[in-house]
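Taking it in order: structure first as structure tokens, then the write-up.
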Amino acid sequence: MVERRYDIDWLRVLAMMMVFFFHCARFFGGGGWHLKNPGEESLIATLFIGLLDLWIMPLFFLLSGAGSWYALKSRTGGQYLLERIKRILIPLYGIGVFIITIPQVYFEAVTNEGYTGTLWEGLPLYLHNIFTSPPNFDDLFFFNVFLGHLWFLQYLFLISLLVLPLLLYLRSERGQRFIAKLAGLCGRWGGMLMFLMPLAAVRIAFIHFFKGQEHSWAHFLYFTLFFVIGFIIPADERFTVGIRKIGWVCLALGIIGAAVEGAFIFILKYNYSNLYHAGGEPFSLTYALFNTVMSIASWSWVVFIFSLGAKYLNSSGRMLPHANEAVLPFYILHQTVILCVGWFVIRWNIGDLLKYLIIAVCSFTIIMIFYEGLVRPFNIVRFLFGMRPKKKSSAIPAPPPERNAA
């Protein structure tokens, strides 16, 4: 029997906090966003954003895959899919599309599309587009619906749906034998680096066709690999042994990879307008090298962070059950709250660091007040945010909630 992995729960919580700080920095760093701080872009914020962008979402998908391993321990395939619908689709296409992302659409339109009306004036057009847009199967979102940061939930549901037959096979007796053989290789020193090959192959083979599109089917396949790798990690302790053996080596590889990526972008001017097809040439050597470096950097950072979790975080505590339960609603709320706070703060005539601190502190406080006051106590609101019904109070402390996909 596989023991519970508290480190996976802790890493989910910590990854959520890093996403929060990441989005607070987007006002100030390089690249476009829904709202931008006036004045010069901050190099520190740009580097912070670039470093986290390498590993934060791959880590989220890896942890989601690990959560699905535990979810399928006590569920059939049908029960698993029903849970995905409750946990992901209901918050995504319920409160997500019709409440959470509406302010983001407004900020995006004002900042990047020249919109001059009010939010309320634009709301009928937004709702009209939702119900009249034709399917667009070149896009993962199918309809012209702006999802903002909730793209992650769309990816997660589609991945869970499409790889479910593979997940069920891996939980079968034959699948367990395959995992055991793979774990034997990965448990050796450096064995976990073998996953670099499929990750790099997917980036090189597919990303060119989408010419730098941020959320494409190529990225979907890339994140699917992280999800499946995460699914098998809890299945055999030797995967974690292999991760712990090379944790510090992967830190070095991650630093080198991030530096080389920076050289591509800042020195060679290989940016998002040309980084997938240099000079218009498909599958160029530069293209292949860049995507190989990106794969090495992303996987190395994920392995290093996972190794730290396995060494130092595999124990429960009084905070963990509450924090783990809050991850999904916190994720759903965080970017909209950050943007609403930032809408006012970035206009103030104060230093950027002070703006960042005010945005972070105020946003976190508002999110937690909303969560504790309006989401957590009421079962109907919990349902809309993908949470399980609140259990009746008991004299015996309840164990931490079972880990699941989001």
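The values are calculated or read from the model by the stated rules, or taken from the named source; none is laboratory data. Owing to the predicted nature of the structure, the values given are computational and were not obtained by experimental measurement. All Cβ positions, even for glycine, are placed from backbone atoms using ideal geometry, and neighbour counts span all protein chains on display. Surface areas here come from the heavy atoms of the whole protein model, side chains and all, with no ligands, DNA or RNA. Shrake-Rupley method; radii C 1.70, N 1.55, O 1.52, S 1.80 Å.
Ranking Val293, Val345 from most to least accessible surface, computed with a 1.4 Å probe over the protein chains only, gives Val293, Val345.
Ordering Arg26, Arg177, Arg188 by accessible surface, largest first, gives Arg188, Arg177, Arg26; the 1.4 Å probe counts only protein heavy atoms, with every chain in place.
The residues of region 285-381 expose, per residue, 44 Å² of accessible area to a 1.4 Å probe. With θ taken as phi - 60° and the Karplus curve 6.51 cos²θ - 1.76 cosθ + 1.60 applied, the whole-hertz 3J(HN,Hα) list for region 54-65 is 5, 10, 5, 6, x, 5, 4, 5, 4, 5, 5, x Hz, x standing for glycine and proline.
Here's the picture: charge each Lys and Arg Cβ at +1 and each Asp and Glu Cβ at -1 in the chain, and of Ile255, Ala323, Tyr70 the one pushed furthest to the positive end of that dipole is Tyr70. Placing +1 on each Lys and Arg Cβ and -1 on each Asp and Glu Cβ, with no other charges, gives the chain a dipole about its Cα centre of roughly 1540 debye. With R₀ fixed at 30 Å, the C-beta to C-beta distance from Trp189 to Leu354 puts the FRET efficiency at about 0.05. When only Cα pairs below 8 angstrom with a gap of at least 6 residues are kept, the chain shows a relative contact order of 28 percent. Here is the list for region 187-238: chymotrypsin sites (Phe, Trp or Tyr not before Pro) lying in DSSP coil, each with at most 16 other C-beta atoms within 10 angstrom of its C-beta, are Trp189. The packing ranking of peptides 56-66, 166-176, 358-368, 327-337, highest mean first, is 56-66, 327-337, 358-368, 166-176, where packing means the average number of other beta carbon atoms within 10 angstrom of each residue.
Tell me, what does the Kirkwood hydrodynamic radius of the chain come to in angstroms if you use every pair of distinct C-alpha atoms? One decimal place: 22.4 Å for the Kirkwood radius. Over the chain, DSSP H runs of length four or greater, each weighted -39,500 (n - 2.57), average out per residue to a 222 nm ellipticity of -20000 deg cm²/dmol. Computed 3J(HN,Hα) for region 149-160, one whole-Hz value per residue from the Karplus formula 6.51 cos²θ - 1.76 cosθ + 1.60 where θ = phi - 60°, is 6, 6, 3, 4, 5, 4, 4, 4, 5, 4, 4, 4, glycine and proline marked x. Think of the chain as having a plus end and a minus end, set by charges on the Cβ of Lys, Arg, Asp and Glu; of Trp33, Leu308, Leu285, Leu308 sits farthest toward the positive end of this dipole. Computed from the alpha carbon positions, the gyration tensor of region 6-47 leads to an equivalent ellipsoid with semi-axes of 27, 9, 6 Å, biggest first. Loop-located trypsin sites (Lys or Arg not before Pro) in region 66-128 (DSSP state not H, G, I, E or B) with no more than 15 neighbouring Cβ atoms inside 10 Å: Lys73.
Spatially close Lys pairs in the chain, defined by Cα atoms under 24 Å apart and a spacing of eight or more places or different chains, total 12. Loop-located trypsin sites (Lys or Arg not before Pro) across region 342-388 with a Cβ neighbour count of 13 or fewer within 10 Å are Arg347, with loop assigned by DSSP. For the chain, carbon and sulfur atoms together expose 69% of the accessible surface, with a 1.4 angstrom probe and every protein chain in place.
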